[in-house]
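The structure appears below as structure tokens.
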Amino acid sequence: MIGEDTDYGQEGIRATTTEILRSGSCVAFTEYILTSRPDRNAFHLSRVIVESNASVIVVFSSGSNFVPVVEELLKNNVTGKTWVASESWSTSALVSKEKYWHVLKGTVGFALHSGHISGLKQFLNSMDPKKTPDDIFLKEFWEVTFHCKWQIKEVRFINSTKICTGQESNGAIFTDSIQRVTYSIYIAVYALAWALHGILISRQRACLQIHETCNEPLSFQPWQVMDSIRTVHFEAKDGRDVYFGSNGDLPAVYDIVNWQIDATGKIQHVKVGNYDGSTQKGYTFSVNTSAIQWTTEREQVPLSYCSKSCPIGFRKATIQGKPICCFQCVPCPSGEVANQTDSFDCFKCPWDQWPNNLKDQCITKSVEFLSCDDPLGVTLITSNAISSIIPVALLGLFINFKTSPIVRANNYLLSCFLLVSLSLCFLCSLSFIGYPQPERCLLRQVSFGMVFTLCISCVLAKTITVVIAFKATKPGSKLRKWTGTKVTYLVVGLGVLLQFCICIIWLSNFPPFPENDIQTKPGVIIVHCNEGSPTCFWCMLGYLGLLATISFVLAFLVRRLPDSFNEAKFITFSMLAFLSVWVSFIPAYISARGMYTVAMEVFAILSSSWALVICIFLPKGFIILFRPELNTKESLMGRGKN
């Protein structure tokens, strides 16, 4: 928006800016032509226009004040702008010159309505200054129109001055600009005539009622004419409806003109539409866009935008210090969509839905859990199912050879308990695989804790049995009375009882439950079991670690038993492997996400169970099956060698 710093320019910019903003567009800049300066602030205006990416510029100014600005634009070779002209310069001869065409071509503007005045054209074209030599107004009109001077005897003109002859008109005085201005004057004269006519009619009526008023002088006061002209309502000869509004304004009637150049290189103001505010509907605005010659020399209406339209999946974000139509397109945040172009806001999807790749609609989230159909789930199920058979096979081997020295020396009943608990350890991990049902969530960690506690308690009991058996052989040892099976069962029972109490407290106060996790992985609902109380879970796991640590320490202290009686070494290695697995499990469990959290725990169960099977029972099974010569009392007591 550019306007001269007068009431005309300022009011025009204010009203137009209001309508532009109401239509959803905006103004990139607003600058003023400073009429108090000789250069009219043209250099600054030219720089602002060059730096702005706005391609449509509305100008409220007279032609004389706008010329210096056009001169500066021409100097800087500013082209490609679409100019919207106010009625004050849209048909101005000062601006619509061929030299400015490079800058102002394709200008669209509002022009004064050029209505028809019957007989005026013929009257003007028939004028002859020689027939009325005393008409000074006609002589001045002639000089301005034809750019000449009437010869005056006392004045000598320079040789380049054109002398008026009276024959210049050649029947072509009536131009477009003269027609528009003259028609406005024509309407004004008729309005004044109708106002005076109204006053005369009013006086005539008064004269008929009061005869004394008929002899009063015919004079008018300005306020009387003003009051009368407000009530004027007539139809001009060309059909225009003329009246004044409540504020004394005429209905706005304008022609929409487009600057086009003809074959001779002259600029023509071609009418391409009109605006009429006197219709019954309030106003009509019509433009024949196909008749407009745009500055781009194309038929399409040129676009003027600061920022391109934001596609679906993006929202508008304003740029600080810029108009509202200058924005950047920002992708919708995670979990939000925008299904319309140029959206100001993105909208959150429901909790169970997620945006598609285009972020223009919400789709159902995928559900993630360690499924029985998943390759990882199938692998773990198969591994644990097959692994659970190994302790059962070893149990059958021990039962078949229960009278052999190696089985009797390793506490037959305790070994059976341990093998059963190991088989259950493998099987309990199966409860972690599959959709987390409430019952499964409630029992899976408890069953894991209880079965592993039974297993480690049996190992601890075996360790204590080894320690007592070794120490009791020394003369005068007081441990002889503890060599029975009561100590073994007491250790197992006490170890299981304490873990049972922890689990009861856990289930009673903070029972685990299924939960949908929508925060960890965008677009995925992770169905998992909430442990209820992380403290209880880690207490249960910590208690297992405590039992394993005690067993490891005791076995390590008596590891230097005779080589042939190496049960303590086996327990030491098994507990070392067990503790290593579960210590490594802690950071892996904390860092894992989704179904891999469950997979990590199942893998830890599988690994630690295999550690016990391999370190404690496979050597004994190997001796029973493949080295029966070592399965003798003498060999176990270290007397098998000479």
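Each reported figure results from applying straightforward, stated rules to the coordinates on display, with no laboratory input. Keep in mind the model is a prediction, meaning the values are calculated, not measured. Using ideal geometry, Cβ is built from the backbone for each residue, glycine included, and neighbour counts are taken over all protein chains shown.
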Mean Cα-pair separation over length for the chain, i.e. relative contact order, pairs under 8 Å, 6 or more apart, % = 9 percent
task = Using +1 at the Cβ of each Lys and Arg and -1 at the Cβ of each Asp and Glu in the chain, identify which of 88, 585, 242 lies farthest towards the dipole's positive end.
result = 585
note = Surpassing 21 Å at the alpha-carbon level, of the pairs 322/359; 131/266; 462/620; 308/348, are 322/359; 131/266; 308/348
inquiry  = Where in the chain is the longest stretch that carries no trypsin sites (Lys or Arg not before Pro) classed as loop by DSSP and with at most 10 other Cβ atoms within 10 Å?
reply    = 309-559
note = Ranked on Cβ counts within 10 Å of their own Cβ, fewest leading, 457, 184 go 184, 457
key: Label assignment, mean projected area of the Cα convex hull in nm² derived from the structure, set (i) 59.2; (ii) 27.6; (iii) 30.0   = (i)
task = Just the number, please: percent antiparallel of the DSSP beta bridges in the chain, rounded to the nearest 5.
result = 70 percent
ask   = In degrees, nearest 10, range 0 to 90: what is the angle between the Cα axis of helix 534-557 and the longest Cα principal axis of the chain?
value = 40 degrees
task = Could you sort 445-451, 387-393 so that the peptide with the highest average Cβ count within 10 Å comes first and the rest follow in order?
result = 445-451, 387-393
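Explain nothing, just the number: dipole magnitude of the stretch 314-364 about its Cα centre with +1 on each Lys and Arg Cβ and -1 on each Asp and Glu Cβ, in debye rounded to the nearest 20. Spell out each step's value before the answer.
Details: 5 positive and 5 negative charges, 42 e Å.
That gives the stretch 314-364 a dipole magnitude of about 200 debye.
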note = The answer for the longest stretch of the chain without any exposed GluC sites (Glu not before Pro) (DSSP loop, at most 11 further Cβ atoms within 10 Å) is 300-642
ask   = Tell me, what HN-Hα J-couplings in whole Hz come from the Karplus equation 6.51 cos²θ - 1.76 cosθ + 1.60 at θ = phi - 60° for each residue of the stretch 595-604, using x for Gly and Pro?
value = 5, 6, 5, 5, 4, 5, 5, 4, 5, 5
key: For the stretch 259-268, 3J(HN,Hα) per residue [Karplus equation, 6.51 cos²θ - 1.76 cosθ + 1.60, θ = phi - 60°, Hz, x = Gly/Pro]   = 7, 10, 10, 8, 5, 8, x, 9, 7, 10
inquiry  = Using only the alpha-carbon atoms, how far is helix 42-51 inclined from the longest principal axis of the chain? Give it as 0 to 90 degrees, nearest 10.
reply    = 30 degrees
remark   = Other residues with Cβ under 14 Å from the Cβ of residue 238 give, with Lys and Arg +1 and Asp and Glu -1, a net charge of 0
ask   = How far, in degrees from 0 to 90, does helix 438-472 lean away from the longest principal axis of the Cα atoms of the chain, to the nearest 10?
value = 30 degrees
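Just to confirm the filter: which chymotrypsin sites (Phe, Trp or Tyr not before Pro) across the stretch 177-226 are DSSP coil and have at most 13 other Cβ within 10 angstrom of their Cβ?
On the way: sites: 183, 186, 190, 194, 220, 223; in loops: 220.
Of the chymotrypsin sites (Phe, Trp or Tyr not before Pro), the ones in loops of the stretch 177-226 whose Cβ has at most 13 other Cβ atoms within 10 Å are 220.
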remark   = The cysteines in the chain that find no other cysteine Cβ closer than 4.7 Å to their own Cβ are 372, 416, 425, 428, 455, 458, 501, 503, 536, 539, 615
ask   = With charges only on Cβ, +1 for K and R and -1 for D and E, what is the dipole size of the chain about its Cα centre, in debye, rounded to 20?
value = 4740 debye
